[in-house]
Amino acid sequence: MTSRRPIVAGNWKMNGLLASLAEAKLVAAGLTAKAPEVLICPPAPLIVPLVEALKGTPVTVGGQDCHAKASGAHTGDIAAEMLADAGVRAVIAGHSERRSDHGERDQDVKAKAEAVLRAGLTAIVCIGETLGQRQAGLAYDVNARQLAGSLPTGATADNLVIAYEPVWAIGTGLTPSSDDIAEMHKRLREQLAKAGLADARILYGGSVKPSNAREILSIANVDGALVGGASLKAQDFLGIIAAYGG
Ligand code: PGA
């Protein structure tokens, strides 16, 4: 057995208005004592009201991205310190949509993750191969390289979470086989162990839904899930959380 407490994290991406806070409140209200750690990462305008709405509940709020610097002339960007000030507990760094939409490279992701740690928050660092890379037999090499290049200096098993999210599984309804997930997470765990981070949690992400959560979340070395589409509706998100009996 592991001491790594599972996390189910919801990434709302660019979805949700003030009315969506009601869904998050339903999630909080639906948790049982067996629930894993539950985190919701809404779009930036919803962070402050969501922190307020979830006060007194075990559900915490996360950011989806941040700038590497603490302040300055960077129009439109948000510093990790600002997210911390707003009540956020964790920040996603290097989601594949940031990597593809905004050209973020491993060194950018590393700098952002270091900013997250600097702000005293938990960094959720995302990695994952494309379909072409998997079909070419490069899945492990790509993830190993992304993990090595994106790992923030100063990470510990407490403030670093890795999310393995195959790009081709995100929002497509496709998922790798359980054997493939198990193999990837095992190798990532070995790589983390060499970096002194054997107990950092490794989440799986990509088309996790209530119907496949139990199988995916029971795989060795899968310490939870990063959930996109199925985190938008309380009933679906609770259906995933229920894989842990909570
Ligand atoms: P999905 O997204 O659950 O909608 O596939 C996962 C993610 O991008 O984190």
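The values are calculated or read from the model by the stated rules, or taken from the named source; none is laboratory data. Quick caveat: nothing in here was measured; it's all calculated off a predicted structure. Note that each Cβ is placed from the backbone with ideal geometry, even for glycine, and that neighbours are counted across all protein chains shown. The area values use the complete protein model at the heavy-atom level, side chains included, leaving out ligands, DNA and RNA. Shrake-Rupley method; radii C 1.70, N 1.55, O 1.52, S 1.80 Å.
Within the stretch 65-122, the residues that satisfy the criterion of being small (Gly, Ala, Ser), assigned to a loop (DSSP other than H, G, I, E, B) and in contact (Cβ under 8 Å) with a residue 24 or more places away in the chain are Ala68, Ala70, Ala86, Gly87, Gly94, Ala119, Gly120.
Is it fair to say Ser211 is within 16 Å of the ligand (Cβ to nearest atom), open to solvent by 20 Å² or more (accessible area, probe 1.4 Å) and either among the charged types (D, E, K, R) or over 20 Å from Glu129 (Cβ atoms) (or both)? Yes, satisfied. Just a yes or no: is a residue in the stretch 144-164 polar (S, T, N, Q), under 23 Å from Leu39 (Cα atoms) and open to solvent by less than 10 Å² (accessible area, probe 1.4 Å)? Yes.
Would a scan of the stretch 227-235 turn up a residue that is near the ligand (Cβ under 9 Å from one of its atoms) and assigned to a strand (DSSP E or B)? Checked the stretch 227-235: at least one residue is near the ligand (Cβ under 9 Å from one of its atoms) and assigned to a strand (DSSP E or B). Taken over the stretch 214-226, residues that are more than 9 Å from the ligand (Cβ to nearest atom) and either part of a strand (DSSP E or B) or acidic (Asp, Glu) (or both) amount to 3. Can you find a residue that is assigned to a helix (DSSP H, G or I) and away from the ligand (no atom under 16 Å from the Cβ) anywhere in the stretch 53-61? Yes, the stretch 53-61 has at least one match. Count of the stretch 37-52 residues, restricted to those that are open to solvent by 20 Å² or more (accessible area, probe 1.4 Å) and either out of contact with any Lys or Arg (no Cβ under 8 Å at 6 or more places or on another chain) or part of a helix (DSSP H, G or I) (or both), is 6.
Answer with yes or no whether Ala200 is surrounded by fewer than 20 Cβ atoms within 10 Å (Cβ to Cβ) and either touching a residue at least 24 places away in the same chain (Cβ under 8 Å) or within 16 Å of the ligand (Cβ to nearest atom) (or both). Criteria not met by Ala200. Applying the condition of being within 16 Å of the ligand (Cβ to nearest atom) and in a loop (DSSP other than H, G, I, E, B) to the stretch 7-36 and asking which residue is most open to solvent (accessible area, probe 1.4 Å) yields Met14.
Ile124 passes every criterion in (1) more than 16 Å from the ligand (Cβ to nearest atom); (2) within 17 Å of Arg5 (Cα to Cα); (3) buried (at least 22 other Cβ atoms within 10 Å of the Cβ) apart from (1). Residue pairs whose Cβ atoms lie under 6 Å apart, sitting 6 or more positions apart in sequence or on different chains, and linking a residue in the stretch 168-183 that is part of a helix (DSSP H, G or I) and open to solvent by less than 70 Å² (accessible area, probe 1.4 Å) to a partner that is of a type outside the set (A, V, I, L, M) and near the ligand (Cβ under 10 Å from one of its atoms), are Ala169/Thr175; Ala169/Gly206; Ala169/Ser207; Ile181/Tyr204. Residue pairs whose Cβ atoms lie under 8 Å apart, separated by 6 or more positions or on different chains, with the first residue in the stretch 1-24 and closer than 19 Å to Val91 by Cα and without any contact (Cβ under 8 Å) to a residue 60 or more places away in the chain and the second open to solvent by less than 90 Å² (accessible area, probe 1.4 Å) and part of a loop (DSSP other than H, G, I, E, B), are Met14/Pro43.
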